[in-house]
Each structure stands twice: as structure tokens, then as C-alpha cells.
Amino acid sequence: MATQTLHFKNRTIKGVIEVPGDKSISHRSIMFGAIADGKTRVWNFLKGQDCLSTWECFQKLGVPISDQGQYLLIEGKGFEGLREPSSILDVGNSGTTSRLLMGILAGRPFHSVLIGDESIAKRPMSRVTAPLRLMGVKIDGRMNGEYTPISIRGGELSSIDYQIPVASAQVKSALLFAAMQASGITELTEKGNTRDHTERMIQYFGGKLEKNGLTIRIDGSAQLEGRDLVVPGDISSAAFFIAAAILAPNSELLIKNVGLNETRTGMITVLERMGANLEIIPHSIDSFEPYGDILVRSSKLQGTEIGGDLIPKLIDEIPILALLATQAEGRTVIKNAEELKVKETNRIDTVANELNKLGCQITPTADGLMIDGVSRLKGGIVDSHGDHRIGMMLAIASLVAEDSVHVQSTEAIDVSFPNFFKALTSTMK
């Protein structure tokens, strides 16, 4: 278990930085490259452990994937070219890999088994396995398919009309992958708008779908072709540097080439409302995903209320927003965020418990957090609990803590941001 001892109080954040490629898009680049016909080249692929788990799983399914130095080369086989794996598919700590892969395997005429680490074994899977059964797949697992290991015997799928009961891009994406292999037209209706990377990539790789409000219609006859793509920087990773520049005195940081998909920019909306000094510089170059630069300066923040339709647009940024709220004047209330309970940790309880150890005033609620600021942070021993976003948030807390912050289990950060600490210290003056 790795521990980092950090004491960055009164350091200034300056300069220009790029963050690693978007994790969600990197996962999907391998998946779409694999099920498309022909070669796909991917620049700026995130070589974090979660995405490497996706890479390894698709190699076991018979898809050649190679690192060409500047880009990743995926030699697509199409859905029909996927092969029965000779061993168990280990998704590691990746919920995206496990859930989306189930949708792809649902239509393949062979048997496969998915397993993951201890965290994955606690995360709910029936939100995917239940609708896949409605489409005709034979699927089982612990507690009737609620938890891994998951066994899938795929085959012919039927289209469905389905209302997704949770606002989850992973569930939606799994069903879209299955729908591309089903007979007829599948209609999916979301509970709320979630990140739309899968829909964008279906169209980018040559597939067709229709979207009307919260409803998506997709025909199972799509033929996908390999493409070249550049993965933009991950806004969820950029969030920690945005927070660092806001909190540290006399700071000015330019974060370049960050994904600005409107289904992911809820944190920007909230920070502007709180009074953050941010400037968004969009790029006009044609791309399958919008991106641009973010200029951040030191800021004084005001408390706010965060909930409703904004939550799916910032679900991964709530831990770092909670830290920022401890340094904002007044009370911040985060609600409608029940989905935090089924992430790598129960992030509602973990965020509150770990930040309160440092002297914050955070009360967990049934669906979020109540945070009173401004808190004076002391040092102390805190733990990521194996959650990469909690680990990075606690590291940023060291910028405002009076004494050293000892962050345990920092190896979890490699899931999404290898070399995070090197990148962070490179911006400090």
C-alpha cells in the first residue's frame, strides 16, 4: 500500500499542462475499433489500469491490438470476428469494461465469464443483466446476476423498448452495443441525460441512430468501419488541476486540449455559479468530440446547491467539488447523487469521512452531502480506499491544509492518471 506525504500549503500553481486522454473515450475506442471492420488508430489513448483491462479483454477475444508508439493500432474483426476466450475475462477495477463488455458479448454465439477485483464484486450488475435477459441472452452470476463473476452465453438477440431506470451511461452503452446486434429497432429511454460518447462513436464509425429528447432508436443492421481518432484530455482528470489553481494563491494555469462534451461539463457550470475565475477557449477544428483549453485563476468561491439534471454531467467530479465547497463561503448542498454509493467506493460516505478527518464540516445525506465552509484544514492521515478520484482529491487538499497530509493507497490513482504526482508538482512554484 503506497502512501504519499504531502505539504503544499502556500504553493502557487502556474504554467501550461495537458492531462491524460479521456478514460471513457479510451475504453470505447478499443471497443469500437474491435467491432468495426478494418484498422483503427487511436492517438492519446489513456494507458491507465482500467483502460489496460479493456485492452487485455479484447486481446483474449481475438482482436490484435498493438502499441505503435505514437498511436494504438486496433485490427478490427467486426462483431462476427470476435472469438470465444480460452480464459476468464478479468476487468480489474473497471466498471466501464465490465458493463459495456456484457452488451458486446450478449450477441456473440459463445460462452464467456467476467470477473473483477474486490471492488467490482460489490458493484451492481443487474441494471445491465436484467435488460439483456429481456433481449434473449442467457446470463447468470452471483445473486442471480447482481454481482460478478458473470457468465454469458450469447446468441440471437431481439430488439426491446426499454426505459432505463437509472441515469447511467454505462447501462445505456451496454444496451446500445447489444442493440447493434439485435433484430429490429431497439428504443431506449433514459431517466436523464448522461454522457453521450457511445452515441457519438456509433455515428463516427458509420452507424446510425435517432435521438429525440431522452429516447434513442437504433437499428441492429449497422456495419461499422475502422477510423482514426484523437482522444481529448479527460475533463475528470483536469478537474483536479482546475481545483488546484482555484485554491492555491496567485495561480494561473492553462489546461490544454480538454474534452468539452456538454454531457461532461457540469463542473464548469457549477464553478462559474460559485464565482470561479475560468475562461473556456474552444477549438474550432472538426472532431467527433468537442474540445478546447481551460484557463483557471485563483478564486474566492460561494456555496451553492448542486442537483437535478446537473448530477450526471459531473458525477465523477463530486469528490473534488466537495473539497472546493469546504473553501467556499456558506453552505453547499449536493443532492440527487445516489449513484455515488455504487462507484469504486460509497463516495458519499468516503468523501465525508476522509475530509472530516482533516477538519472539514461535511454531513452525508441519503442522496448527497451538506458542506459548510470556510473550513480550516489541518493535516492528518487519510485513505483513498482504493478509489482513484478520492486519492487525487485528498492530494489536492494538501494545498490548503496547515500540516502534512498523509494519503494512503495512492496506487489507486494509476487507474485514470498515471504520473499524477509528477504532473501536479510540475505546476507548483
> Taking amide hydrogens as modeled 1.01 Å from N in the peptide plane, which residues meet the under 5 Å criterion relative to Ile306, leaving out close sequence neighbours?
Replying inline: Val333, Ile334, Lys335
> What does the charge dipole of the chain about its Cα centre add up to, to the nearest 20 debye, if the Cβ of each Lys and Arg holds +1 and the Cβ of each Asp and Glu holds -1?
Replying inline: 300 debye
> Calculated from the structure, log10 I(q)/I(0) by the Debye sum over Cα atoms at q = 0.06, 0.11, 0.13, 0.15 Å⁻¹ equals which of (1) -0.29, -0.90, -1.15, -1.37; (2) -0.31, -0.99, -1.25, -1.43; (3) -0.24, -0.81, -1.12, -1.44?
Replying inline: (3)
> For the chain, what relative contact order do you get, as a whole percent, if you take Cα pairs closer than 8 Å and at least 6 residues apart?
Replying inline: 19 percent
> Based on DSSP H runs of at least 4 residues, each adding -39500 (n - 2.57), what is the mean residue ellipticity at 222 nm of the chain after dividing by all its residues, to the nearest 500 deg cm²/dmol?
Replying inline: -8500 deg cm²/dmol
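Quick one: of Lys14/Lys300; Lys122/Lys378; Lys23/Lys378; Lys256/Lys422; Lys39/Lys208, which pairs are farther than 23 Å apart, Cα to Cα?
On the way: Lys14/Lys300 17 Å; Lys122/Lys378 33 Å; Lys23/Lys378 32 Å; Lys256/Lys422 17 Å; Lys39/Lys208 20 Å.
Beyond 23 Å: Lys122/Lys378; Lys23/Lys378.
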>> Over segment 23-227, what is the relative contact order in percent, taking alpha-carbon pairs closer than 8 angstrom and at least six residues apart?
In response: 20 percent
> Roughly how tilted is helix 49-60, in degrees to the nearest 10 and between 0 and 90, from the longest Cα axis of the chain?
Replying inline: 10 degrees
>> Report the Cα centroid-to-centroid distance between segment 1-53 and segment 371-429 in angstrom, as an integer.
In response: 18 Å
> What is the distance in Å between the Cα centres of segment 283-353 and segment 211-234?
Replying inline: 26 Å
> Which peptide among 146-157, 275-286 comes first, and what is the full order, when sorted by highest mean count of other Cβ atoms within 10 Å?
Replying inline: 146-157, 275-286
> Sorted from fewest to most neighbouring beta carbons within 10 Å, what does the list Cys360, Cys57, Cys51 look like?
Replying inline: Cys360, Cys57, Cys51
> Separation between the Arg273 and Thr3 pseudo-spin-labels, each 7 Å from Cα along Cα→Cβ, expressed in nm?
Replying inline: 3.9 nm
> Pairs Lys172/Lys357; Lys47/Lys191; Lys47/Lys172: which exceed 30 Å Cα-Cα?
Replying inline: Lys172/Lys357; Lys47/Lys191
> Which ³J(HN,Hα) values in Hz, rounded to whole numbers, follow from the phi angles of segment 104-118 under the Karplus curve 6.51 cos²θ - 1.76 cosθ + 1.60, where θ = phi - 60° and Gly and Pro get x?
Replying inline: 6, 6, 4, x, 9, x, 8, 9, 8, 10, 9, 9, x, 7, 4
>> Counting other beta carbons within 10 Å of each residue's own, what order do Asp117, Asp22, Asp228 fall into, fewest first?
In response: Asp228, Asp117, Asp22
> How high is the relative contact order of segment 203-267, in percent, with contacts defined as C-alpha pairs under 8 Å that are six or more residues apart?
Replying inline: 27 percent
> Kirkwood Rh over Cα pairs of segment 23-227 into Stokes-Einstein at 10 °C, 1.306 mPa s: D in µm²/s?
Replying inline: 96 µm²/s
> Ranked by Cβ crowding within 10 angstrom, fewest neighbours first, how are Met135, Met392 ordered?
Replying inline: Met135, Met392
>> Which one, Gly330, Ile280, Thr265, is farthest towards the positive end of the dipole of segment 245-350 when Lys and Arg carry +1 and Asp and Glu -1 on their Cβ?
In response: Gly330
>> Using only the alpha-carbon atoms, how far is helix 235-247 inclined from the longest principal axis of the chain? Give it as 0 to 90 degrees, nearest 10.
In response: 0 degrees
> So how many Å³ per residue does the convex hull of the Cα atoms of segment 13-75 work out to?
Replying inline: 87 Å³
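Bear in mind these aren't lab numbers, they're just calculated from the coordinates by the rules spelled out. All values reported here derive from a predicted model rather than from experimental measurement. Every residue, glycine among them, receives a Cβ derived from its backbone with ideal geometry; neighbour counts consider all protein chains shown.
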